[in-house]
Amino acid sequence: MSLRAAFEAGRFAVTAEIGPPRGADPDAVTRKAELLRGWVDAANVTDNQGAHVRMSSLAGSVLAMRAGVEPVMQLTCRDRNRIALQSDLISAGALGIPNVLLLSGDHPRFGDHPDAAPVFDLDSTQLVSTARTLRDDGILASGREIGARPGWLVGAVENPFAPPRSFRARRLAKKVAAGAEFVQTQYVFDVEVFAAWMARLRDLGVTEGCKVLAGVGPIRSLRVLEFLRTGVPGIHVPDEVERRLRGVASDRVADEGVSMCVETIQRVAAIPGVAGVHVMAFGYERGVPGILERAGIAPRPARSMEGLGHAG
């Protein structure tokens, strides 16, 4: 099954992430893809995440397909103007990449080249609109027509916890109006706040036209806990989560973090309008199948990979 097929069938969808390497080793992508194969409907291939130079998301997506995992190619506004963005979108279509996820991207000042010039020629909502027009109408932002049109699904991201929270549902509604067909959220550690955000989305009619994948992931150390609490803007870690992780023996923190992730998946799956989960387990891809199995999510239906990776 593919991500599109999962959405169309109304099946609880699962995506995860593949971070490309800081180097030209194709096996680094293949190894991660093999850990996820059979358990996810698709895997994000990140685009220079954290503003650190890595193998491109386009190359990583092709390698993931070769390894039997459907990719979601991330594309950020940070590094490209509208010419380069549209060129990469067309290239993704030509290579048969079935899903794209369009986002602003972390500012270069947070990465390994802090003096790099930020581009941000388009914002994320404008990029979603540009992609939809390119796919559905075959028209570039300049108004010029293209030949063969790409056929990918258009995805976006949203953070239900970033201030002002009252704005976040309306912001996603704008992206859906622009053409977003699915959304992956920031980490959900506060399920009650997330449930209230989902209620606002339902009131706005957003969930009728957009599949919402709740972002989840295990906190496997107190160092990661502290980083998420203080080093990542917009992530909300409730006091209850911190108390629970600090209340176990040091050699039990990783297991407790995994258990909390399993519980979160089960809780968000019961919220109306949630179409699936996006599992973010950087450096712990080997643990994703176990997390999903414990949460009661079965392996994905087997499918032939014939034709995947070719335009059509």
Just a yes or no: is a residue in region 46-62 in contact with an Asp or Glu (Cβ under 7 Å, 6 or more places away or on another chain), aliphatic (A, V, I, L, M) and under 22 Å from I291 (Cβ atoms)?
no
Counting just the residues of region 236-253 that are surrounded by 18 or more Cβ atoms within 10 Å (Cβ to Cβ) and under 30 Å from G105 (Cβ atoms), which one comes out modelled with the lowest pLDDT?
H236
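Rundown of residues vs (1) more than 20 Å from K211 (Cβ to Cβ); (2) small (G, A, S); (3) free of Cβ contacts under 8 Å to residues at least 40 places away in the same chain, yes/no style:
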{"site": "S2", "(1), (2), (3)": "no, yes, no"}
{"site": "E8", "(1), (2), (3)": "no, no, yes"}
{"site": "G19", "(1), (2), (3)": "yes, yes, no"}
{"site": "E34", "(1), (2), (3)": "yes, no, yes"}
{"site": "R37", "(1), (2), (3)": "yes, no, yes"}
{"site": "V62", "(1), (2), (3)": "yes, no, no"}
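Within region 34-50, is there a residue that is surrounded by fewer than 18 Cβ atoms within 10 Å (Cβ to Cβ) and at pLDDT below 95?
Keep residues of region 34-50 that are surrounded by fewer than 18 Cβ atoms within 10 Å (Cβ to Cβ), which gives 34, 38, 50.
Going one step further and asking which of them are at pLDDT below 95, we end up with 50.
Yes, region 34-50 contains a residue that is surrounded by fewer than 18 Cβ atoms within 10 Å (Cβ to Cβ) and at pLDDT below 95.
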Out of everything in region 184-206 that is in contact with a helix residue (DSSP H, G or I) (Cβ under 6 Å, 6 or more places away or on another chain) and of a type in the set (V, I, T), what residue ends up being surrounded by the most Cβ atoms within 10 Å (Cβ to Cβ)?
V188
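Does G209 count as open to solvent by less than 60 Å² (accessible area, probe 1.4 Å) and touching a strand residue (DSSP E or B) at 6+ places or on another chain (Cβ under 7 Å)? Quick ask: steps written out before the conclusion?
On the way: open to solvent by less than 60 Å² (accessible area, probe 1.4 Å): yes; touching a strand residue (DSSP E or B) at 6+ places or on another chain (Cβ under 7 Å): no.
Here the answer is no, as G209 does not meet what is asked.
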Considering only residues of region 161-208 that are in a helix (DSSP H, G or I) and aromatic (F, W, Y), which is modelled with the lowest pLDDT?
F167
Test each condition in (1) of a type in the set (D, E); (2) outside any loop (DSSP other than H, G, I, E, B); (3) at pLDDT below 95 for E306 and report the one that comes out false.
(2)
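Residues of region 6-33 being of a type in the set (A, V, I, L, M, F, W, C) and open to solvent by 30 Å² or more (accessible area, probe 1.4 Å), which ones?
Taking region 6-33 first, the residues of a type in the set (A, V, I, L, M, F, W, C) are 6-7, 9, 12-14, 16, 18, 24, 28-29, 33.
Within region 6-33, A9, F12, A24 meet the criteria.
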Just one of A59, A24 is over 18 Å from G287 (Cα atoms), out of contact with any His (no Cβ under 7 Å at 6 or more places or on another chain) and in a loop (DSSP other than H, G, I, E, B); which is it?
A24
Give region 147-169 a look and list any residue that's touching a helix residue (DSSP H, G or I) at 6+ places or on another chain (Cβ under 7 Å) and open to solvent by 40 Å² or more (accessible area, probe 1.4 Å), or say none.
R149, G151
Could you list all residues from region 67-103 that are surrounded by fewer than 16 Cβ atoms within 10 Å (Cβ to Cβ) and out of contact with any Leu (no Cβ under 7 Å at 6 or more places or on another chain)?
G68, N81, I83, A84, S87, A94
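The values are calculated or read from the model by the stated rules, or taken from the named source; none is laboratory data. These numbers were taken from a predicted model, which means no experiment stands behind them. We place every Cβ from the backbone using ideal geometry, glycine too, and count neighbours over all the protein chains shown. The accessibility values were calculated without ligands, DNA or RNA, using every heavy atom of the protein model including side chains. Shrake-Rupley method; radii C 1.70, N 1.55, O 1.52, S 1.80 Å.
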